[in-house]
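Take a look at the structure set out below.
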Amino acid sequence: MALRGLAGSGPGSRGPADEAVATDEEREASALVAAGAVSEEDEEDEGRGRGLLRWDGFSAWLHCVCVVGFDLELGQAVEVIYPQHSKLTDKEKTNICYLSFPDSNSGCLGDTQFCFRFRQSSGRRVSLHCLLDQFDKDLPVYLKKDPAYFYGYVYFRQVRDKTLKRGYFQKSLVLISKLPYIHFFHTVLKQIAPEYFEKNEPYLEAACNDVDQWPAPVPGKTLHLPIMGIVMKVRIPTCHDKPGTTQLVQSTQQGDTHISVILPTVHEVDLFRCFCPVFLHSQMLWELVLLGEPLVVMAPSPSESSETVLALVNCISPLKYFSDFRPYFTIHDSEFKEYTTRTQAEIPKQVKVKKLKNLKTLDSKPGVYTSYKPYLNRDEEIIKQLQKGVQQKRPSEAQSVILRRYFLELTQSFIIPLERYVASLMPLQKSISPWKSPPQLRQFLPEEFMKTLEKTGPQLTSRIKGDWIGLYRHFLKSPNFDGWFKTRRKEMTQKLEALHLEALCEEDLLLWTQKHTEVETVDLVLKLKNKLLQADREHLPVKPDTMEKLRTHIDAIILALPEDLQGILLKTGMT
């Protein structure tokens, strides 16, 4: 996959909110290659097997917990991995070590929280948790896990300690997970990390045991999650939720008196705090993210760089950002060398330095450094609204609500014409015959789509003027369009398969078999069984009663066949 993504780097500027964004609308960087295979140990005895079962609850939320410390001879090193049976390759451990500490020049004294994202090593065994795939189908597309990546959620502490040779205590508690629930895991760390640094391993073991007792992360359910004496109340969004709303009510009922923390979101960051230094350019940044253009975020601390990158990725929600992105990425990381070995022509021309390795010298006052020219005219209304909020000292949370709603409306105005056109590619339901394969979707024709914009374009829902046609043409060549259309095409194809199943169920299949040979009847049974397996495997949007009807049809057909065939067919697949 080409890396046309976002990377957060630190430190690169001089103030706590200073970020510089460098972009290049033409560059396409090569893929980051994650090499190395898992050095798997032989599985141990049955006790280990029972241990894995014991940790199934934990594994639904986390891959493992790591403690990264600083060794005077080795540098950063993983001191603890818990649970002990958790597998990490040497390359994954190295990545975790590099990314779990702020850059040495950032001067992060006290406690710092941030997150990073790194590529999973090739050769790793597939997770045992097929249940997570089942939950995944009900998630919004932007919260679905990416099987190729891990997230690392960090709580770093650096305090003076004269008893240590280095003069400082430096340690990170890191949660490694597939789930992109940034706000949730940062809240978990805030609850357990300070006490862990005082009480060490026994406390960590107790916290992990609490996580192992948690219910599965089922989208749409209100979950009560106890950990070390407190209870968190959360709700993971579903793909059926109305975008921009939260379904978790701040309940004051008597039964909620044991709740310590209520999280209205599991994944969102403080949008306005991240965009504040550059909010005049918010709309242009939205365009750059939408189009999957390369971006580099420079910030003085990993917490600011990671939060800013995540805010950028989030600004096109409910669309998913399909390119690679790294919330925290330092010049000392081994993968960074891949950038510095590229030819000069591949280096972003907007970065005003001769070599990418000198990015840390970039004079980065708050601002956006780019030669990109936006397609849309700047929306002065939102700027006035946010400026008024700053003057009136409106809370950052309230400013974030305004900015998030603005981005949501902008994204929806952009995507609705595409959704409307793609829906027209769906064959009519009357063209679905139970005795023929499901019909194919019509082809997406860019020029045909462009013609629809004159009457049903974004002007119907957005006040913003500009070259919308140019923006669409650029978007249709981007990785975000490719990912979005593949997802929609898969959903629509599955819908056709489901409608085909429903059409089959409405037929009198037993009557059909009476008019056909035994061979044709056996062939029908096998095909129907395969349809059931496909529906189950691919989580087709089929009503439960449709599945039951089809099983009844299959059983009735089999019972009408000779006994020898009945025995064979009953053993074949599922009924």
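The values are calculated or read from the model by the stated rules, or taken from the named source; none is laboratory data. The structure displayed is predicted, hence computed values, not measured ones. Heads up, the Cβs are rebuilt from the backbone with ideal geometry, glycines too, and the neighbour counts pull from every protein chain shown. Note: areas computed on protein heavy atoms with side chains; ligands, DNA, RNA excluded. Shrake-Rupley method; radii C 1.70, N 1.55, O 1.52, S 1.80 Å.
A few comments on the model shown:
- Restricting the stretch 414-442 to residues that are aliphatic (A, V, I, L, M) and more than 29 Å from the chain's Cα centre (by Cα), the residue that is surrounded by the most Cβ atoms within 10 Å (Cβ to Cβ) is I432.
- Residue within the stretch 384-407 that is open to solvent by less than 50 Å² (accessible area, probe 1.4 Å), over 19 Å from P277 (Cα atoms) and of a type outside the set (S, T, Y) present: no
- Qualifying position, being part of a strand (DSSP E or B), free of Cβ contacts under 8 Å to residues at least 40 places away in the same chain and within 24 Å of the chain's Cα centre (by Cα), among K242, K233: K233
- Number of residues in the stretch 178-214 that are over 21 Å from the mean Cα position of the chain (by Cα) and hydroxyl-bearing (S, T, Y) equals 2.
- Tally of residues being of a type in the set (A, V, I, L, M), without any contact (Cβ under 8 Å) to a residue 60 or more places away in the chain and closer than 15 Å to L173 by Cα across the stretch 52-99: 3
- Search result, residues across the stretch 156-169 that are open to solvent by 20 Å² or more (accessible area, probe 1.4 Å) and in a strand (DSSP E or B): R157, Q158, V159, R160, Y168, F169
- Residues in the stretch 53-102 that are hydroxyl-bearing (S, T, Y), open to solvent by less than 10 Å² (accessible area, probe 1.4 Å) and in contact with a strand residue (DSSP E or B) (Cβ under 9 Å, 6 or more places away or on another chain): S100 only.
- Residue ID - modelled with the lowest pLDDT, chosen from residues in the stretch 31-88 that are closer than 15 Å to S100 by Cα and not hydrophobic (A, V, I, L, M, F, W, C): D71
- Between L410, L418, L425, the distinction of being within 17 Å of F481 (Cβ to Cβ) and assigned to a loop (DSSP other than H, G, I, E, B) belongs to L425 only.
- Total residues in the stretch 176-191, condition open to solvent by 10 Å² or more (accessible area, probe 1.4 Å) and within 15 Å of L225 (Cβ to Cβ): 6
Table: residues versus (1) free of Cβ contacts under 8 Å to residues at least 40 places away in the same chain; (2) surrounded by 18 or more Cβ atoms within 10 Å (Cβ to Cβ); (3) among the hydrophobic types (A, V, I, L, M, F, W, C).
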| position | (1), (2), (3) |
| --- | --- |
| K490 | yes, no, no |
| T493 | no, no, no |
| L501 | no, yes, yes |
| C505 | no, yes, yes |
| T513 | no, yes, no |
| H516 | yes, no, no |
| E520 | yes, no, no |
| L526 | no, no, yes |
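- Breaking point among (1) part of a helix (DSSP H, G or I); (2) of a type in the set (K, R); (3) farther than 24 Å from L476 by Cα, for K393: (1)
- Pairs with Cβ under 9 Å, 6+ apart, first in the stretch 146-168 and closer than 18 Å to L72 by Cα, second among the acidic types (D, E) and in a loop (DSSP other than H, G, I, E, B): G167/D161; Y168/D161
- Test: residue in the stretch 132-141 that is surrounded by 18 or more Cβ atoms within 10 Å (Cβ to Cβ), at pLDDT 90 or above and more than 23 Å from the chain's Cα centre (by Cα): no
- Residue satisfying all of: in the stretch 170-202; in a helix (DSSP H, G or I) and out of contact with any strand residue (DSSP E or B) (no Cβ under 8 Å at 6 or more places or on another chain); farthest from V78 (Cα to Cα) among these: H183
- Among residues of the stretch 448-469 that are more than 15 Å from S424 (Cβ to Cβ), those with a Cβ under 9 angstrom from a residue that is part of a loop (DSSP other than H, G, I, E, B) and hydroxyl-bearing (S, T, Y), sequence gap 6+ or separate chain, pair up as G466/Y375; D467/Y375; W468/Y375; W468/S462; I469/Y375.
This table checks each residue for (1) out of contact with any strand residue (DSSP E or B) (no Cβ under 8 Å at 6 or more places or on another chain); (2) modelled with pLDDT under 70; (3) within 19 Å of V313 (Cα to Cα).
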site	(1), (2), (3)
P327	no, no, yes
E338	yes, yes, no
Q350	no, yes, no
Y369	no, no, yes
Y372	no, no, yes
R378	yes, no, no
I383	yes, no, no
E397	yes, no, yes
R404	yes, no, yes
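- Filter pass, T546 being surrounded by 12 or more Cβ atoms within 10 Å (Cβ to Cβ), of a type in the set (S, T, N, Q) and at pLDDT 90 or above: no
- G292, sole failed condition from (1) buried (at least 22 other Cβ atoms within 10 Å of the Cβ); (2) on the phi < 0 side of the Ramachandran plot; (3) at pLDDT 90 or above: (2)
- Residue within the stretch 263-272 that is within 24 Å of Y372 (Cα to Cα), of a type outside the set (A, V, I, L, M) and not in a loop (DSSP other than H, G, I, E, B) present: yes
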